[in-house]
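Comments concern the structure below.
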Amino acid sequence: MRIDKDLVAASATPLVLGILAEGDLHGYAILKRVAELSQGRMQWTDGMLYPLLHRLERNGWVSARWGVSDAGRKRKHYALTPSGRQVLEERQAQWAVVTDALHQVLSTVRGPGAAGAWA
Amino acid sequence: MTEDGRPGVEHQIDQWRAWVLRREAITTGDAAELEDNLRGRIADLRAAGLDDDEAFLVAVRRMGNLDDVSREFARAHSERLWKQLVLPPSRPSRADGHWRDLGVLIALAVGAGIAVRWLLVLEDEGRFALNVAFAVLPFLAAYFAWSRRLPARAAGALAVMAAALAVVVNLFPFFADEPGVGLSTTAVLAATHLPVLLWLLLGVAYTGGAWREHARRMDFVRFTGELVVYFTLLALGGGLLTGLLLATFDVVGIDAEPFVQSWLLSFAVPGAFLVAAWLVEAKQSVVENMAPVLTRVFTPLTLGLLVAALVALLAGGPLTAVDRSLLVLMDGILLLVVALLLYAISARDPITAGGPFDWLQLGLVVTALAVDVVALTAMASRIADAGWTANKAAALGLNVVLLVHLVGTGWLLWRFLRAHGTFDAVERWQTRYLVVYAVWAAVVVLVFPPAFSYA
C-alpha cells in the first residue's frame, strides 16, 4: 500500500521520536525499524531521514554522537533527549485524539476494508 | 551486517560519494551518514540474494532524488541555505543571473548617486543628514524587491511607509530659523536613528516579504555583517585611490578637490555601498569564511577592553564626568558587543556542541553587563537630579534596549552551555529582538521631536 506523502510527513517526527524512545539507534536502523513496525508497508525515502534527524537535533529533541560501526566505519548514533521525550508525550496525546476521531467516523463508513484497516 | 570488501562495489560507492559531495548543502559528515545508510542497505539486499550491482542500484534508488535530499538538508540547516544561495533546480544559469543582477544594480547605484548629488546641491547640512538615508536605501530596497520578486502588496506597503517617514521628518519644524544653522538635538537624534529604522524596513524587502520567518531574518543579519566587511574593504581601497588621484593632480598643479568632493564622492560612496551589497549576494561562501575568523579575533580583544574598563570604573573613585557622554560611551560599548555577538551567532552552526569560544562569548556578555551596571548606578542619581533632556532620554532608552538584549542572550547562552537549552533558542532570541530596535528607532524619530518641542 502506498501511503500519502502528507501523512508520511506528519507522522515522521512522532515515529522517529517514538523509535528512539525504545533506545539509541543509527539512521539506517531507524529506517529498518519503521519498515518492521509497518510490516514493510511504510517505505521512507532513505535520504530524507537525515535532514529530519538534523532538524530534531537542532530543536534539541534528539542528541547525536559519532561512533564506530561493527565494520569499523564512522556511524552517527541518535538518542532521545528529555525535551524530546516531552515533545513525544505531547504528540502522543495529539495523535490519540486524531486516531480516535478518525476511527469513530471511519468505522461508520461502509466500504471495502474500512473496518479491517483499523484492526 | 557484513563488510563488503569487493573492489567493484567499493569503487561504485566512491563515485557515489563524490557525486553526493558535489552538493554544497551536504557536508562530509552528512555524506558519511548517507554512506553508512547505503552500505547497510547494500548488505541487507545482498543477504536477500541480490548481486553486487543490483544491490547497489536498488540502494541508491532507495536513497531518493539527491537534489530533493540536498534541498531538505539546506532547509534543515538554514545557515547552509545562505551559503548555497541558489537551490539546485530553481535557477540553472547562475553566472548569467549574477551579471544581469549586477547590471540592474549599477543602474540603481547611479540613481542613488544622482539623489545624493541632488541633496548636496541644496547645501543644507541639516536636510542632508536627515535625508541621506532616503537617498540611498530605497535604491537597495528596489534591488531586493526586483531580485526577490517581492509581492506588490509588500512593496507598496514599504514604499508608503518610507514615504510617510520622509514627509513627516521633513515637515518637523527643525529648521525654523534660516537654513544652514546647526541642527537641534532632536534633529540629530532623528538623523541618527532614521537609518536604523530604514535598514530594518529594508530587511522586509531583503527577505522577500517573509520577514516573520526566523531563518530569513537571520539571513538578513548575516547579510548586514558581511556588508559592513565588504563596504569597509571597498572604502579603504577607494580612499587610497582618491588620495593618490588628488596627490597626482596636485603635482601637475590642478586642484582636483572640488571635483572629488562634489562629484566623485557623491557617486562613489553610494555606489560602493550598493556594489558591496551585490558582492555579499554573489560571493557569500567566500566571506562566510571571514566571519568566524573576525569574531574569533575581536571577541577576546573586546573582552580585554571591557575588563580594563571595568577595573578603571571600579578603581577610579567617584565618576567625574557622569553625564550623557558617559551614557553614549556605554551605549557604544554595548552596541559593539551586540554587533560582535550577532555576527558570531549568525556564522555559527547551531548543531555543534558548546565550546570554549561560546564560554568566551558568555564572558563578554557578562563583563559588558557589569560595566554597564556600574556606570548606570553611578549615573542614576545624577540623571534624576539634572532632569531629562532628549539626549539623555535617547541614550538611556537605547541602554535599556541593549541591556535587555544582552541579558536575554547571556541567559540563553548559559542555558545552552549547561545543556539545558539549545543554540537555536539563542538564535531565535536575536531575530525576535530585532523588532524592538525598529520600535525604539521609530519612537526616537517620530515621538522625540514633538515630545521635546524640536529642541
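The values are calculated or read from the model by the stated rules, or taken from the named source; none is laboratory data. All of these numbers come straight from a predicted model, not from anything done at the bench. Counting neighbours? That spans all protein chains shown, and the Cβs are built from the backbone with ideal geometry, glycine included.
Inside the range B:142-165, residues that are in a helix (DSSP H, G or I) and over 13 Å from residue B:104 (Cβ atoms) make up a count of 14.
A count restricted to the range A:63-72 and to residues that are among the hydrophobic types (A, V, I, L, M, F, W, C) and either assigned to a loop (DSSP other than H, G, I, E, B) or touching a residue at least 12 places away in the same chain (Cβ under 8 Å) (or both) stands at 2.
A search for C-beta distances below 7 Å between a residue of the range A:73-84 that is more than 10 Å from chain B (Cβ to nearest Cβ) and part of a strand (DSSP E or B) and any residue that is hydroxyl-bearing (Ser, Thr, Tyr) and surrounded by 14 or more Cβ atoms within 10 Å (Cβ to Cβ), counting only pairs 6+ apart in sequence or on different chains, returns A:79/A:63. Taking the range B:28-59 as the range and being surrounded by 15 or more Cβ atoms within 10 Å (Cβ to Cβ), touching a residue at least 40 places away in the same chain (Cβ under 8 Å), of a type outside the set (D, E, K, R) and within 13 Å of chain A (Cβ to nearest Cβ) as the test, only B:43 passes. When residue A:92 is tested against (1) away from every other protein chain (no Cβ under 11 Å); (2) under 11 Å from the mean Cα position of the chain (by Cα); (3) in contact (Cβ under 8 Å) with a residue 12 or more places away in the chain, only condition (2) is not met. Taking every residue in the range B:340-351 that is closer than 21 Å to residue A:55 by Cα and of a type outside the set (Ser, Thr, Tyr) and pairing it with any residue that is modelled with pLDDT under 80 and assigned to a helix (DSSP H, G or I), at least 6 positions away or on another chain, the pairs with Cβ-Cβ distances below 6 Å are B:347/B:291; B:347/B:292. Note on the range B:227-283: residues that are of a type in the set (D, E, K, R), closer than 30 Å to residue B:342 by Cβ and touching a helix residue (DSSP H, G or I) at 6+ places or on another chain (Cβ under 8 Å) total 1. When you go through (1) touching a Gly at 6+ places or on another chain (Cβ under 8 Å); (2) within 13 Å of chain B (Cβ to nearest Cβ) one by one for residue A:20, which number turns out not to apply? Evaluating residue A:20 over (1) touching a Gly at 6+ places or on another chain (Cβ under 8 Å); (2) within 13 Å of chain B (Cβ to nearest Cβ) leaves (2) as the failure. Take residue B:404 and decide whether it is part of a helix (DSSP H, G or I), free of Cβ contacts under 8 Å to residues at least 60 places away in the same chain, touching a helix residue (DSSP H, G or I) at 6+ places or on another chain (Cβ under 8 Å) and in the same structural domain as residue B:424 (by TED's automatic domain parsing). Yes: the conditions hold for residue B:404.
Can we say residue B:129 is outside the structural domain of residue B:452 (by TED's automatic domain parsing), assigned to a helix (DSSP H, G or I) and modelled with pLDDT under 90?
For residue B:129, the condition - outside the structural domain of residue B:452 (by TED's automatic domain parsing), assigned to a helix (DSSP H, G or I) and modelled with pLDDT under 90 - is met.
Among what's in the range A:27-72 and is hydroxyl-bearing (Ser, Thr, Tyr) and touching a strand residue (DSSP E or B) at 6+ places or on another chain (Cβ under 7 Å), pick the residue that is nearest to the other protein chains (Cβ to nearest Cβ). Ranking the candidates gives A:69 first. Restricting the search to helices (runs of 4 or more DSSP H) fully inside the range A:1-62 and requiring at least 2 residues that are under 12 Å from the mean Cα position of the chain (by Cα) and not aliphatic (A, V, I, L, M) gives A:5-21, A:27-37.
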